[in-house]
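Reading through the structure tokens given below for one structure.
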Amino acid sequence: VAFALIKTEGLDVIGLTRINREAQAMGRLGSHPHIVTVFDLGQEDDKVFIAMELLEGSDVTALMAAGEHLTFETRLRIAENIAKGLAHAHHRGVIHRDVKPRNVFVTHAGEVKLLDFGLAHIAFSTLTEVGQIVGTPFYMSPEQVVGAKADPRSDIFSLGSLIYELMADQKAFDGENVQVVFDEIVRCEPKPIRELFPAIPT
């Protein structure tokens, strides 16, 4: 079992309410082979603790940065398993809102797990109020960029961006600063993946 401690000092009532709401949402997820299992969440003084499944391995960002040779079949399996985890969550009314390579973990045994269903980026003071941004810029959906409400389609868009990077070894949307990335997401189509990976099967 792995434990994470989150300081609640400085969080207002809205922040604490969101933590509790996200905890309830995670409870609705139940058990799924491609979602990290959260066993318990509680509060002690000024800290919230999360007890979750202990994973040993690397996230996809680290795997790609380390120059790991990931076969096409491995990349496809990672994408498929993330999609299965998201489908399970969406079926239970839970939206991830921050699907990205760092939130996808591959264990030493080859298991693929989707991490972080909202608690971490809320607790660590990421912008979460209405009209503000929740998520990681490179993988955000257009509606998240403009501050609109996210729904399951937002996760699907982010998954598409992640799969693009998995296959092409470069981001679908990139730029020298956040504003350029946002403009690309809202206004542009990424370069066709066959131009970057001609051998990809139809």
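Residues are listed down the side, and each one gets a yes or a no for (1) open to solvent by 70 Å² or more (accessible area, probe 1.4 Å); (2) under 20 Å from the mean Cα position of the chain (by Cα); (3) touching a residue at least 12 places away in the same chain (Cβ under 8 Å):
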| site | (1), (2), (3) |
| --- | --- |
| 159 | no, yes, yes |
| 172 | no, yes, yes |
| 183 | no, no, no |
| 187 | yes, no, no |
| 193 | no, no, yes |
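Could you check segment 158-179 and list, in sequence order, the residues that are of a type in the set (A, V, I, L, M, F, W, C) and touching an Asp or Glu at 6+ places or on another chain (Cβ under 8 Å)?
Filtering segment 158-179 for residues of a type in the set (A, V, I, L, M, F, W, C) gives 159, 162-163, 166-168, 172-173, 178.
Hits for segment 158-179 are 172, 173.
Which of the residues that make up segment 80-116 are open to solvent by less than 10 Å² (accessible area, probe 1.4 Å) and not in a loop (DSSP other than H, G, I, E, B)?
82, 85, 86, 89, 101, 104, 112, 114
Filter segment 30-56 for residues that are β-branched (Val, Ile, Thr), in contact with a Phe, Trp or Tyr (Cβ under 9 Å, 6 or more places away or on another chain) and in a strand (DSSP E or B); which is surrounded by the fewest Cβ atoms within 10 Å (Cβ to Cβ)?
Filtering first and then ranking leaves 38.
Kindly provide the set of residues from segment 58-73 that are modelled with pLDDT of 90 or more and either surrounded by 16 or more Cβ atoms within 10 Å (Cβ to Cβ) or under 17 Å from the mean Cα position of the chain (by Cα) (or both), ordered by number.
Hits for segment 58-73 are 58, 59, 60, 61, 62, 63.
The values are calculated or read from the model by the stated rules, or taken from the named source; none is laboratory data. Note that the structure is a prediction, hence the values are computed from the model and not measured. Virtual Cβ from ideal backbone geometry, glycine too; neighbours counted across all protein chains shown. For the accessible areas, the whole protein counts, side chains as well, though only heavy atoms, and no ligand, DNA or RNA atoms are used. Shrake-Rupley method; radii C 1.70, N 1.55, O 1.52, S 1.80 Å.
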